[in-house]
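Every number in this text was worked out from the coordinates using simple rules, so none of it is lab data. All values reported here derive from a predicted model rather than from experimental measurement. Backbone-built Cβ (ideal geometry, glycine too); neighbour counts: all protein chains shown.
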Amino acid sequence: MFVGLPFVTRTVQPVVEEIEREVEEASATLGATRLHTLRRVILPMLAPAALTGFALALARAVGEYGSVIFIAGNIPLVTEIAPLLIIIQLEEFNYDAAAAIGIAMLLISFAMLLVINLIQVWSRRRIGYV
C-alpha cells in the first residue's frame with residue numbers, strides 16, 4: 001500500500017489539477033447533482049490516469065519480493081508469491097520451471113497492460129479526447 005499508492009497519486013494528481021472549475025460549474029448550472037457531476041464529468045476525465053496509476057502500482061506489487069516475504073511470511077500454498085516460487089525453483093536448479101513461472105507472469109502482465117490500454121482508448125474516444 002505504501003509503495004504502490006504514490007504511483008497512483010503521481011499519475012492522478014496532475015489530471016485533477018487540470019480539471020477546470022468551470023466544467024463543474026457548468027454541470028451544476030445544467031441541473032446536475034454533485035454525484036451526477038462526479039460520475040459523468042469528473043470520473044471519466046480521471047479514468048485514464050487512474051488506470052495508468054493502477055497498472056504502475058500493480059506492476060510494482062507483482063515484482064515485489066522482500067517486503068511481502070517479510071510481512072506475509074512463507075507459508076507453503078498459503079502466502080507463496082510468484083517471485084518466491086521463481087527463487088525456489090532456481091535454488092533447486094529447476095530452470096525450466098522458473099522460466100515457465102516467469103513467462104506466465106510476463107504474459108499475464110502483457111495481457112493486463114493490453115486491457116488497460118484498450119480501456120483508455122475506449123474512454124478517450126467516449127469522452128472525445130483523441
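Structure summary
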{"read-out": "Total charge dipole magnitude, segment 5-127, about the Cα centre, Cβ charges on Lys, Arg, Asp, Glu only, Debye to nearest 20", "value": "580"}
{"read-out": "Peptides 109-119, 40-50 ordered by average Cβ neighbours within 10 Å, highest first", "value": "40-50, 109-119"}
{"read-out": "Per-residue [θ]222 nm for the chain (sum of -39500 (n - 2.57) over DSSP H runs n ≥ 4, rounded to 500)", "value": "-24500 deg cm²/dmol"}
{"read-out": "FRET efficiency estimate (nearest 0.05) - Cβ-Cβ, Arg10 to Ala104, R0 35 angstrom", "value": "0.75"}
{"read-out": "Answer label for Cα extents along the principal axes in Å (calculated), chosen among [x] 44, 27, 27; [y] 45, 29, 22; [z] 67, 29, 22", "value": "[z]"}
{"read-out": "Which of Val8, Ala98, Ile19, positive extreme of dipole for the chain (C-beta unit charges)", "value": "Ile19"}
{"read-out": "Relative contact order (%) - criterion: Cα under 8 Å, at least six apart; region: segment 5-127", "value": "29"}
